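Asks: For reference, the structure I am asking about is given below.
Coordinate-derived values only; no laboratory data. Keep in mind the model is a prediction, meaning the values are calculated, not measured. Glycine also receives a Cβ, built like all others from the backbone with ideal geometry; neighbour counts cover every protein chain displayed.
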Amino acid sequence: KLVVTSTAQDSLRQRQGRAGRTQPGECHFLITQDEFNRRPASTKPEIMRTSLREVVLQIKAMGYSREGDPIHLIDSPEKQNWKTAKNQLRLLGALNSEDETKLSEFGQKLAELSCDPREGTMLLHGCEMGCGREMAIIAAIRTSRRLFYRPQAEAEQADAARKQFETSNLSDLLNLVNVYEQAERANFDSKWCRDNYVSWLALREVRQNYSQLLEQAKRLGYKTNKEKQPPEILCQAIAKGFPDKVFENAGRGWYRNRTTDERALLGRESCATGNLIVANELITIQTKRGGELPLITLATKVEPEWIK
């Protein structure tokens with residue numbers, strides 16, 4: 001889950017230092033002094049803010065275990081965060097069923113991939129299901145910067161350009177695959193990118209990550225497809241990476257997590273429709289009244305038999 005938060009004081013001061021490097025300059029914060037004073041003095045270390053799935057996976061891949069061989073960190077996350085990460089890896093099939101201090105054979109393969117275990121699970125299962133190429137594109141997109149940009153002065157044109165890629169009502173991720181494939185057919189032309197408000201730099205990053213992931217899967221003995229599978233098969237492969245993020249329609253745009261009872265609103269920009277979805281991206285935004293709103297920004301429709 002991504003949480004949108006206010007910038008801390010130390011980060012604001014760091015930006016202030018950029019003014020005046022090469023010539024006299026000024027830095028203006030678009031907040032009041034009282035707002036500045038209310039903000040935290042320093043930014044939380046990244047390990048305290050992000051998922052520990054990949055951290056736990058790599059620790060176990062190196063032969064360590066928090067239970068048997070405790071690792072002392074400068075900033076140690078809360079115990080619940082470690083437990084959540086371990087449970088997620090268990091659901092992905094990455095842990096040895098007889099000794100969870102060790103990885104399963106599948107988990108060892110995940111540790112060889114340069115992506116989050118969720119995307120790695122999608123990729124490896126996708127290869128087995130004949131859609132590894134598309135899963136590699138999705139994994140590459142999710143490990144890169146955002147594809148689209150939206151200039152304020154051209155917001156309507158940018159929205160219209162993005163809309164043309166939305167050919168699937170099954171998955172927002174499949175629509176992102178469509179963006180990449182159309183860019184590929186255009187030979188990643190910079191003018192095509194400008195016309196469609198797609199970041200050329202982001203595409204370059206996706207291409208590099210995509211090639212790297214395909215090579216890594218190949219080294220692990222997996223083959224990638226040349227023929228396209230039906231979109232339902234792609235959605236099944238996507239669902240493999242999000243077994244704990246299955247949400248059921250609760251009415252009025254709200255969805256309820258079938259495992260945790262967590263409720264979240266499906267974003268208006270999402271194209272996925274259906275009684276059951278997997279939340280591929282879940283963020284928390286601040287409301288005008290100062291509250292928090294959990295929002296599903298990327299989703300994939302699933303069928304009950306896919307997630308048993």
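Asks: Report Rg(Cα)/(2.2 N^0.38 Å) for the stretch 244-306, keeping two decimals.
Replies: Against the empirical 2.2 N^0.38 Å value, I get 1.07 for the stretch 244-306.
Asks: Just check the stretch 174-308 against the gyration tensor rule for me: Cα atoms, a ≥ b ≥ c as the square roots of the eigenvalues, rounded for a/c under 1.5, and otherwise prolate or oblate depending on whether a/b exceeds b/c. Spell out each step's value before the answer.
Replies: On the way: a/c = 2.21, a/b = 1.39, b/c = 1.59.
Because a/c hits 1.5 or more and a/b fails to exceed b/c, the stretch 174-308 counts as oblate.
Asks: Roughly how many nanometres apart are two label points built 7 Å out from the Cα toward the Cβ at R146 and T22?
Replies: 2.7 nm
Asks: With Rg and the Kirkwood Rh both taken from Cα atoms, where does Rg over Rh land for the chain? Display every interim value, and only then the final one.
Replies: Numbers: Rg = 21.1 Å, Rh = 21.5 Å.
So for the chain, dividing Rg by the Kirkwood Rh gives 0.98.
Asks: Also: Suppose only helical runs count, i.e. DSSP H with n ≥ 4. What mean residue ellipticity at 222 nm does that imply for the chain under -39500 (n - 2.57) per run, divided by all residues and rounded to the nearest 500 deg cm²/dmol? Present the calculation step by step, with values, prior to reporting the outcome.
Replies: Numbers: 13 runs with 129 residues, N = 308.
So the helix-based figure for the chain works out to -12500 deg cm²/dmol.
Asks: Decide, for the stretch 126-238, between rounded, prolate and oblate: order the square roots of the alpha carbon gyration tensor eigenvalues as a ≥ b ≥ c, take rounded if a/c falls under 1.5, and otherwise choose prolate if a/b is larger than b/c, else oblate. Present the calculation step by step, with values, prior to reporting the outcome.
Replies: On the way: a/c = 2.45, a/b = 1.63, b/c = 1.50.
Taking the square roots of the gyration eigenvalues as a ≥ b ≥ c, the stretch 126-238 is prolate.
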